[in-house]
1. For each cysteine in the chain, check whether another cysteine's C-beta sits under 4.7 Å from its C-beta; list those where none does.
2. Could you compute the FRET efficiency for ARG166 and LEU285, with r as their C-beta to C-beta distance and R0 at 51 Å, rounded to 0.05?
3. Could you tell me the calculated FRET efficiency between ALA225 and ASP143, based on Cβ-Cβ distance and R0 = 41 angstrom, to the nearest 0.05?
4. Long-range amide H contacts for ALA103: which residues qualify at under 5 Å (H placed 1.01 Å from N, peptide plane, sequence gap of 5 or more or a different chain)?
5. Would you mind getting the accessible area per residue of the stretch 1-139, heavy atoms of the protein chains only, 1.4 Å probe, in Å²?
6. Heavy atoms of the protein only, probe of 1.4 Å, neighbouring chains included. What is the accessible area of LYS22 in Å², nearest 10?
7. Kindly identify the stretch 46-131 as rounded, prolate or oblate by the Cα gyration tensor criterion: order the square roots of the eigenvalues as a ≥ b ≥ c, call it rounded if a/c is under 1.5, otherwise compare a/b with b/c, prolate if a/b is larger, else oblate.
8. GluC sites (Glu not before Pro) within the stretch 253-285: which are DSSP loop residues with at most 15 other Cβ atoms inside 10 Å?
Amino acid sequence: MDDAQNWHEITLTAERVEALRKRADQHKYDHGHAVVLSGGAGRTGAARLAGRAALRIGTGLVTLGVPGSAQMEVACQETAIMLRRVDDPLALESLLADDRLNAFCIGPGFGVGERCRACVALICGANRSVVLDADVLTSFSDDPEALFALVWNRPVVMTPHKGEFRRLFPDLAGADPRVACRKAAMRAGCTILLKGSETSVADADGGLGVHNPDGKRAAPYLATAGSGDVLAGMICGLLARGFVPVAAAETAAWLHAEAGRRIGAGLIAEDLPEALPAIFAEIGL
Ligand SMILES: NC(=O)C1=CN([C@@H]2O[C@H](COP(=O)(O)OP(=O)(O)OC[C@H]3O[C@@H](n4cnc5c(N)ncnc54)[C@H](OP(=O)(O)O)[C@@H]3O)[C@@H](O)[C@H]2O)[C@@H](O)CC1
Ligand SMILES: Nc1ncnc2c1ncn2[C@@H]1O[C@H](COP(=O)(O)OP(=O)(O)O)[C@@H](O)[C@H]1O
């Protein structure tokens with residue numbers, strides 16, 4: 001399927017607003033436990049942004065998995081977010097043994113290479129919901145098929161910007177982004193969110209949603225360092241809350257852009273999670 005006309009506009013549907021609501025009879029464990037894996041000392045900012053976004057979007061608990069070298073750095077910055085030491089794939093395996101930790105985010109600031117590839121293999125092998133972003137996508141650029149074998153038919157959202165997309169899907173990078181995103185998702189066998197001023201979300205069955213197709217929801221001040229890390233955290237948080245991958249990706253894309261639109265000029269990535277409470281109040285949560 002490569003029909004560029006066959007798509008829907010991404011909006012915040014009434015059903016998704018209801019799914020964002022917390023009911024009076026629920027407690028934090030009813031809203032999931034998200035884990036964001038961080039890079040080492042001096043490289044924790046991106047994971048901290050993602051963790052903050054997961055918490056603000058309503059995840060019950062958020063843990064940052066942090067190498068020992070970076071524990072003090074992260075502990076000095078975070079309060080509501082919990083910390084676990086994760087130095088290597090072995091430590092990750094022990095986290096994965098606890099199935100209450102129900103959604104993961106890996107890639108932002110994580111570091112490129114074998115440790116990254118091994119962690120992705122463990123998370124996907126455990127069939128855990130996961131957002132694969134940034135350094136994960138770069139880590140597999142020499143062997144995209146190895147990544148597709150891991151994510152095929154799993155609850156995975158990949159979130160490439162155009163540079164990362166080109167590294168994984170070089171033959172599709174020149175095509176219309178909507179068509180390219182759909183073909184990529186069908187090839188990889190998972191949900192793909194292709195970032196840009198227009199954002200596309202495609203699933204493995206050929207479904208395609210487009211945010212800002214007519215430019216009316218433009219949010220150009222999102223073009224700032226760490227903005228994509230926040231988006232990855234929002235998606236991870238929604239996966240932890242029980243959204244299926246496409247719904248998590250589309251809902252996060254809408255909320256992320258809405259936050260960007262409201263803040264406007266002067267926006268920095270830290271502002272985005274903090275904009276969510278006002279948006280939630282306005283949509284009636
Ligand atoms: N606060 C923090 O801690 C932050 C930490 N961060 C972390 O840094 C790590 C590196 O992430 P990254 O995205 O900066 O660099 P990366 O993908 O390795 O290469 C970039 C190259 O790709 C290309 N390119 C093409 N299209 C593009 C597009 N639309 N958007 C962007 N790039 C595009 C372009 O190359 P060109 O096309 O010009 O040849 C460009 O030179 C990663 O772990 C991330 O999480 C950041 O999130 C910032 C905040
Ligand atoms: N001109 C733009 N208009 C709207 N959104 C944009 C624009 N430029 C970037 N964005 C959004 O900002 C985010 C940038 O993500 P990314 O490139 O991964 O940055 P980082 O790695 O620094 O977090 C994406 O969600 C993208 O859709």
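The values are calculated or read from the model by the stated rules, or taken from the named source; none is laboratory data. Since this is a predicted model, take the numbers as computed values, not measurements. Neighbour counts are summed over all protein chains in view; Cβ atoms, including those assigned to glycine, are modelled from backbone coordinates with ideal geometry. Remember, those area values only see protein heavy atoms, side chains included, never the ligands or the DNA or RNA. Shrake-Rupley method; radii C 1.70, N 1.55, O 1.52, S 1.80 Å.
1. Isolated Cys, the chain: CYS76, CYS116, CYS119, CYS124, CYS181, CYS190.
2. With a Förster radius of 51 Å, E is 0.85.
3. Here the calculated transfer efficiency is 0.90.
4. Answer set, sorted by chain and number: HIS33, VAL35.
5. 45 Å²
6. Counting only protein heavy atoms, LYS22 exposes about 110 Å² to solvent.
7. Judged from the Cα gyration tensor, the stretch 46-131 comes out oblate (a/c at least 1.5, b/c at or above a/b).
8. GLU270
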